[in-house]
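Taking it in order: structure first as structure tokens, then the write-up.
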Amino acid sequence: MVQFPKIIQGGMGVGVSNWRLANTVSRLGQLGVVSGTALDQLFVRRLADGDVGGYMKRGLDAFPFPDMARRIWQEYFVSGGKPETVPYPNVPMHQRNSPRKLVELCMVSNFVEVFLAKDGHKNPVGINFLEKVQMPHLASIYGAMLAGVGYVLMGAGIPLHIPGVLDAFAAHHLAEYKLQVTGAAVGQDTQMFLNAADYVEGPLPLLHRPRFLAIVSSNTLATTMLRRASGRVDGLVIESPTAGGHNAPPRGKLQLNAAGEPVYGERDQVNLAELRALGVPFWLAGGYGNAQKLREALEQGAAGIQVGTAFAFSAESGMRPDLKKALMAKAIKGEGEVFTDPLASPTGFPFKVAQLEGTSSAFPIYQERKRVCDLGYLREPYAVEDGKIGYRCSAEPVANYVSKGGKAEDTVGRKCLCNALMANIGHAQTRKDGVVEPALVTVGDDLNTIASFLAPGRDTYSAADVVRSLLSGLPVEAEAESEQYLMATA
């Protein structure tokens, strides 16, 4: 019988759910998850900062294609780290047919993150991707599978094609993925392909198909995934609108409350009886970060819960220490505020933003930011003449967006999440004029509950503290799942 984790650590942000956090949680017998979003860019910035601790080099040394690893190391590693005033190197933006150099960088960076998360233990590790960030999918997934990733999780859209991609890679077949292109003509070719044989050095490596968990927000989407996916869906994560990051838009016509946030109603609530009838394991997410909620989820037939915010503020997460400290201080006072911004994300999905002076969209520092789009993960592919594909982002300079057929009104309130999420983890880009990209922290509505994980007299807590707390309401035998590691790290 398959043993599923009771706790899935959320795959948050860019580098918040890093390999350190996932390694710790998986060692505890739960499912540690790394964020796969923009790992290629993050990897380059770690190398440009001198590979502190030598961890990236250790991962590169384990990569099965040594020539590929060597090329990337030689191009991007800066001994001792670049000066703070020098910008990070530019990396090409993804396209339907990305250059080989970028494909290799995706493979290597995803391998290294999963390899380090798995290092020193034999428990499964997961990786989380956003369906909205489609263009890096194939190379990123292949790199993660080369490292033996145990679970692939994906939300922020309907990832119908991903199970088939996992099947193809495991069988060493050509993998394909249909890119969503706005305005594409009927029959227009928008497929992306990756033939691993074009990249391997030596014999094809043995690959195991990871389990696939779709992150959905409704019974309808859950049923759609199970009926229409291109391969096996092994489970579902049911995410409510209180979860951090991107939220699914409310069903029906968008309405805003007095604060300007989307209003969710009865149509957005999930019927757990219908979920149980689907016959696959499911985890509940969004406001489930405490022992009572875990117990309730199990009693309602769930396999467990997914928890993000609590782990985001643990010592092991990649969030900048100063941001953790500032938001923790607010949480201790019960004064933490989270705004569900209907406009911030170029994807059009509502996006949770922690209200923190000097970072969030509520304060002048972000309102005054010069619009720049140089990372491009949230760009929208759109059809142009002769069957070609163009790329635009509603957070890029307005004139540029409009020149590509976009509507000026769609740029109002949009934020460059790509650069902001890099700033959240201490890898903010420094512009040539000396301006440093501001942060924009995303967390769940339960921000103020993180103070409950602090021991008396402490101002920080560990991922082990979170796991111990979450399991504390279960029978003793459930807590014993992680007791051996807890004792070893006490």
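Cα-based values for the chain, radius of gyration first and Dmax second, are 21.4, 66 Å.
Look at the dipole of segment 112-204 built from charges on Cβ: of Ile141, Gly120, Gly202, the Cα furthest out on the positive end belongs to Gly120. Roughly how many Å is it from the Cα centre of segment 201-267 to that of segment 19-67, as a whole number? Value for the Cα centre distance between the two parts: 25 Å.
What fraction of the DSSP beta bridges in the chain is antiparallel, stated in percent and rounded to the nearest 5?
Counting only bridges with both partners in the chain, antiparallel ones make up about 35 percent.
Taking each DSSP H run with n ≥ 4 as -39500 (n - 2.57) and averaging over every residue of the chain yields -9000 deg cm²/dmol at 222 nm.
Take the Cβ atoms of Lys178 and Thr430, set R0 to 35 Å, and the FRET efficiency comes out at 0.40.
The dipole here belongs to the chain: it is taken about the Cα centre, uses +1 on the Cβ of Lys and Arg and -1 on the Cβ of Asp and Glu, and is about 360 debye. Sparse packing (at most 15 other Cβ atoms within 10 Å of the Cβ) combined with a DSSP loop state is found for the following GluC sites (Glu not before Pro) in segment 363-459: Glu368. Within the same chain, lysines fewer than 8 places from Lys132 are excluded, and of the rest, those with a Cα less than 18 Å from its Cα are Lys178, Lys352, Lys415.
The protection proxy used here, the mean number of other Cβ atoms lying within 10 Å of each residue, ranks peptides 394-401, 303-310 as follows, highest first: 303-310, 394-401. Placing pseudo-labels 7 Å out from each Cα toward the beta carbon at Asp167 and Gln188 gives an inter-label distance of 2.8 nm. A straight chain from Ala62 to Leu474 at 0.36 nm per residue would run longer than the Cα-Cα distance by 144.4 nm. Here r is the Cβ-Cβ distance between Ala329 and Ala455 and R0 is 22 Å; the resulting FRET efficiency, rounded to 0.05, is 0.85. The order of Cys373, Cys418, going from fewest to most other C-beta atoms within 10 Å of their C-beta, is Cys373, Cys418. P(r) tail for segment 145-293: Cα pairs beyond 24 Å make up 46% of the total. Dipole of the chain computed with +1 at Lys/Arg Cβ and -1 at Asp/Glu Cβ about the Cα centre; of Ala408, Ile8, Leu226, farthest Cα towards the positive end is Ala408. If you look at the Cα atoms of segment 213-292, you get an Rg and a Dmax of 13.7, 43 Å. Here the simple spin-label model places points 7 Å from the Cα toward Cβ, and for Lys407 and Tyr382 these points are separated by 1.1 nm.
In this structure the amide hydrogen of Ile389, modeled in the peptide plane, comes within under 5 Å of the amide hydrogens of Val384, none closer than 5 places in sequence on its chain. Residues whose amide H falls under 5 Å from that of Ala184, counting only those 5 or more places apart or on a different chain, are Ala383, with hydrogens built in the peptide plane.
With neighbour counts taken as other beta-carbon atoms within 10 Å, the residues Arg227, Arg392 rank, fewest first, as Arg227, Arg392. Placing dummy labels 7 Å off each Cα toward the beta-carbon, the span from Ile158 to Val372 is 3.8 nm. When Met107, Met225 are sorted by how many other C-beta atoms sit within 10 angstrom of their C-beta, beginning with the fewest, the order is Met225, Met107.
If each residue of separation counts as 0.36 nm, what is the full-extension length gain between Asn400 and Ser79 once their alpha-carbon separation is subtracted?
Contour length minus Cα-Cα distance gives 111.8 nm.
The alpha-carbon atoms of segment 3-87 define a convex hull whose volume equals 116 cubic angstrom per residue.
Computed 3J(HN,Hα) for segment 220-233, one whole-Hz value per residue from the Karplus formula 6.51 cos²θ - 1.76 cosθ + 1.60 where θ = phi - 60°, is 4, 5, 4, 5, 4, 4, 6, 8, 10, 5, 6, x, 5, 9, glycine and proline marked x. When the Cα positions of Pro438, Ala399, Cys418 are compared along the charge dipole of segment 392-440, Ala399 comes out farthest toward the positive end, with charges on each C-beta of Lys, Arg, Asp and Glu.
Grab the other residues whose beta carbon is less than 9 angstrom from that of Val372, score K and R as +1, D and E as -1, and report the net.
That works out to +1.
Readers should treat all values here as calculations from the given coordinates under stated rules, not as data from a laboratory. From a predicted model like this one, the values you see are computed outputs, not experimental measurements. Heads up, the Cβs are rebuilt from the backbone with ideal geometry, glycines too, and the neighbour counts pull from every protein chain shown.
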